[in-house]
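The values are calculated or read from the model by the stated rules, or taken from the named source; none is laboratory data. These numbers come from a predicted model, not from an experiment. Positions of Cβ are generated from backbone atoms using ideal geometry, with glycine treated the same way; all protein chains shown enter the neighbour counts.
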Amino acid sequence: MKQIKEIFRRSTSRWLALELILVTFTLWWAFDPVIVTNYVTHLPLGYDVDRMVKLDVAILTEGIAVNELSNEEERLLQKVQEMDEVELAYRAHNNPMGYNTITMPGFFFNDKGDSIQTQRYGFIQDSKMFEVYGIHSLTPSVPDSELTHDCEWEKTVIFTRSLAMGLFGTIDVAGRNVLGMKYGWDEESRTMGWHKEYFHIRAVVEDVRYQTYDRNYATLFYCASGADSGIPIILRLREGVNAERFVQEHQKEILNEIETEHCYIRNIQTASEAKDKQLGSIVLGRLTRRNLLIAAFFATNMAFGVLGTLLMYTRQRREEAGVKRAFGATRWSIFWGFIREAWLLTTICVIIGCIIYFQFAAAKGLFDGFTSRNPAVRLWFDDFGTHFMVVSLIVYLIILCAVLLGTVIPAWRICRSEITASLREE
């Protein structure tokens with residue numbers, strides 16, 4: 001307490017404290033959306049994109065029979081599968097996960113009547129979808145290679161971990177029948193709309209987010225009847241094969257040589273490239289880019305403003321350091337005294353600044369651009385207290401680093417100077 005009073009007795013310290021409190025409030029407001037956005041966009045998808053490549057299929061002529069097109073696309077798939085560096089290939093049911101996929105929503109209920117909203121993603125029976133994506137089964141009796149076997153069209157579903165835990169509190173749900181609601185054609189009422197029916201749970205797999213930024217729905221896989229025409233082919237490359245190098249080396253070969261009478265490959269790109277493009281256009285939109293610019297602006301101004309004030313603040317105490325040295329104090333004791341005061345001043349001011357911002361956050365709320373209606377998917381920023389503490393800690397560390405940097409340089413120079421020089425300059 002005595003040291004705190006000594007610090008704030010100086011007029012320069014009081015001005016520096018006001019500046020640090022203002023900086024704390026401003027950085028909290030600017031960095032909160034940036035921290036949350038970057039955290040969400042770097043969450044794992046739940047499947048391996050590093051060794052995945054997407055091939056867009058095009059149809060040369062219209063009016064071709066569906067069965068003929070399907071057979072030709074299967075031949076395309078076989079040709080790609082025969083390439084030495086390709087481990088597995090999969091012809092998607094619709095637009096693959098992570099590529100602006102449009103999926104059908106649905107609801108599933110537990111025995112208590114609690115529901116979770118899902119996004120349904122279809123897989124073709126006896127296909128290699130889960131192996132290509134690297135999605136692993138959590139049901140011992142159903143290995144990865146058999147997830148798509150023994151499935152009934154529109155009746156068999158595969159749960160993800162969070163969906164199973166959210167509804168039943170366990171992942172041991174394989175073999176159960178679960179009540180669900182989906183939008184579609186109802187044979188009994190002969191109408192299009194929402195209707196309830198029972199589905200058979202074949203297995204449970206690890207959590208998968210079909211969109212990087214989407215947290216509102218749990219992912220559910222269902223057995224689909226077959227693929228439409230012109231649907232992409234997804235490749236899983238062999239271990240050690242770089243996806244970007246594969247695309248560069250085989251682009252001309254795939255685009256010019258792999259074709260059938262009516263179908264050909266019109267584009268090839270890595271899964272990571274497509275994912276980054278989607279993030280840039282959807283997640284990192286104008287609002288996020290604005291927040292990034294604002295955060296960068298305030299961080300730069302904070303660095304110059306605080307560093308300038310600290311340089312002046314520390315240099316003004318050269319005589320004090322000289323007097324302490326004359327009475328026997330060591331260079332290191334004086335140096336660490338400067339550092340200790342800077343740390344103490346920063347900690348007090350950041351706490352005050354966070355308390356002030358807390359009043360604003362309690363009334364206006366924290367950044368919630370990625371709120372979730374899915375009770376099975378909860379992250380640290382969904383809880384107000386955790387959210388506030390995490391961002392406060394990050395803001396504190398940023399300010400502390402800037403303050404210590406602005407203190408260390410002049411303090412070290414003062415401590416290294418001779419006693420007579422320090423006193424003479426004053």
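Results for (1) at pLDDT below 80; (2) surrounded by 15 or more Cβ atoms within 10 Å (Cβ to Cβ), shown as yes or no for each residue.
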| position | (1), (2) |
| --- | --- |
| Ala58 | no, no |
| Glu62 | yes, no |
| Leu76 | no, yes |
| Tyr90 | no, yes |
| Tyr99 | yes, yes |
| Ile116 | no, yes |
| Gln119 | no, yes |
| Glu131 | no, yes |
How do the pairs read when you match residues in segment 254-270 that are in the same structural domain as Glu74 (by TED's automatic domain parsing) with residues anywhere that are part of a loop (DSSP other than H, G, I, E, B) and crowded, with 17+ Cβ neighbours inside 10 Å, using Cβ under 7 Å and keeping only pairs 6 or more apart or on different chains? Ile265/Ile258
Which numbered condition Lys182 misses (of (1) under 29 Å from the mean Cα position of the chain (by Cα); (2) within 23 Å of Asp48 (Cβ to Cβ)): (2)
Does segment 34-41 contain any residue that is under 19 Å from the mean Cα position of the chain (by Cα) and under 26 Å from Ser137 (Cα atoms)? yes
Working carefully through the options Phe327, Phe358, find the one that is at pLDDT below 85, aromatic (Phe, Trp, Tyr) and either within 26 Å of the chain's Cα centre (by Cα) or exposed (fewer than 13 other Cβ atoms within 10 Å of the Cβ) (or both). Phe327
With the requirement that a residue be within 23 Å of Arg236 (Cα to Cα) and in a strand (DSSP E or B), what does segment 40-65 give you? Met52, Val53, Lys54, Leu55, Asp56, Val57, Ala58
